[in-house]
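Accompanying notes for the structure given below.
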């Protein structure tokens, strides 16, 4: 290897090492590509850990049969409402914290983070009580048959009742990412996944002294893992030495700031709700084709998420760059960061999509599904993978609007592309043209590709640069 090439590889290795270690840097200064890498590497690794959650649970649960997998899939479609609240509040947290960090006002950033945290605690209590008491009814409303309800009621009760572990984990990580402390979010996800990975088989199958809880064991393991991570996050927030540091003085409710958080996060929640509620509609449609179709969809989407969530890390890095760039009064730097991050995402997802197209049967076989479930999962994985190149740019553009505080643009895009386009198209392809479950997957690919094209056109107009938070 030539000396120059060796020096170049060494520089990249040192850059990645600095990113993982969380060594101090300022995203508002220096080369844009370097700033993106320093932010993106821990964010990508964080999202890899989040995707491991999705795959690990379904890997073990699939050994219990299609009804168990269907129970997980239906419950997760309902949990999408919790993710809606978490991601919506997270949009507000990232935008508010990033803008204030970019303006060098760390005290205001801490105040914003704590107000979001207080909102999350209140909402999780309400959701937890209602969800835990009504878990069986929720499954039936979503089209689950008696066997799925019997097997999955415990799983749904624990997941909905323990939603605070999901909600607070997402919110605090969003605040840390907005501050540029992405390594905190990465490390707590490592901890949560390590606990989940160990407890999943022990509690599902009753290994050693542990009780055999079946599919409910997956929910217990996930809740314990995420709950432990939340405790660590709170310790870092109130006792750490990062850029985002809160104290007891921040714990009182500040009505004016709370209203600003609600205004921005409310739009964010509506945005995510429109997107995630469309998944509920798709699952409801798939349930009419039986448990194997829902189970196949669940496996395919979990595998897709394994690739999309790391790509979401790059999107989050772009959002932070946009928020901090606008806070520092440098919108041109923010725009450059978005297009660079979009290209990197395109390359990553393009490679992942090609791999899924080629190796879909082998990947699906790892989940031990029966023949019908495996067929649906394989076809679905291949169809959705066809749109991966589009998703790369689309994810970055959507998050960049949010990072700027312009949450309404992606909200309207989600409404048009998912509710007015994807769901009617899915029904027409699946039922009207007789494509069955495969028609739903085709609609997903077309809708997300449409979203990307529309996002790019609106981003180029530049109105996001005028957003205020």
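The values are calculated or read from the model by the stated rules, or taken from the named source; none is laboratory data. These numbers were taken from a predicted model, which means no experiment stands behind them. FYI the Cβ positions are ideal-geometry reconstructions off the backbone, even for glycines, and counts take in every protein chain you see.
Summary table below
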| read-out | value |
| --- | --- |
| Test set (1) in contact with a helix residue (DSSP H, G or I) (Cβ under 7 Å, 6 or more places away or on another chain); (2) more than 19 Å from residue 62 (Cβ to Cβ); (3) without any contact (Cβ under 8 Å) to a residue 60 or more places away in the chain - residue 383 fails condition number | (3) |
| Residue within the range 272-288 that is assigned to a loop (DSSP other than H, G, I, E, B), surrounded by fewer than 21 Cβ atoms within 10 Å (Cβ to Cβ), modelled with pLDDT of 80 or more and more than 24 Å from the chain's Cα centre (by Cα) present | yes |
| One residue from 197, 213, 171 being surrounded by fewer than 24 Cβ atoms within 10 Å (Cβ to Cβ), in a helix (DSSP H, G or I) and either at pLDDT 90 or above or touching a helix residue (DSSP H, G or I) at 6+ places or on another chain (Cβ under 6 Å) (or both) | 197 |
| Some residue of the range 137-152 being closer than 17 Å to residue 250 by Cα and assigned to a helix (DSSP H, G or I) | no |
| Test set (1) exposed (fewer than 15 other Cβ atoms within 10 Å of the Cβ); (2) closer than 30 Å to residue 336 by Cβ; (3) at pLDDT below 90 - residue 432 fails condition number | (2) |
| Helices (runs of 4 or more DSSP H) contained in the range 362-443 and holding at least 3 residues farther than 30 Å from residue 347 by Cβ | 371-385, 423-427 |
| Subset of the range 189-248 [on the phi > 0 side of the Ramachandran plot and without any contact (Cβ under 8 Å) to a residue 12 or more places away in the chain] | 206, 208 |
| Candidate set: the range 298-329, residues that are over 18 Å from the mean Cα position of the chain (by Cα) and assigned to a helix (DSSP H, G or I); chosen: the one farthest from residue 348 (Cα to Cα) | 327 |
| Scan of the range 249-262 for residues that are in contact with a helix residue (DSSP H, G or I) (Cβ under 8 Å, 6 or more places away or on another chain), surrounded by fewer than 21 Cβ atoms within 10 Å (Cβ to Cβ) and in a helix (DSSP H, G or I), ordered by number | 250, 257, 258, 260, 262 |
| Filter pass, residue 188 being in a helix (DSSP H, G or I), in contact with a helix residue (DSSP H, G or I) (Cβ under 8 Å, 6 or more places away or on another chain) and surrounded by fewer than 24 Cβ atoms within 10 Å (Cβ to Cβ) | no |
| Test: residue in the range 443-459 that is more than 20 Å from residue 397 (Cα to Cα) and either modelled with pLDDT under 90 or crowded, with 22+ Cβ neighbours inside 10 Å (or both) | yes |
| Some residue of the range 54-64 being under 30 Å from residue 145 (Cα atoms), modelled with pLDDT under 70 and surrounded by fewer than 22 Cβ atoms within 10 Å (Cβ to Cβ) | yes |
| Yes/no for residue 244 being part of a loop (DSSP other than H, G, I, E, B), crowded, with 23+ Cβ neighbours inside 10 Å and in contact with a helix residue (DSSP H, G or I) (Cβ under 8 Å, 6 or more places away or on another chain) | yes |
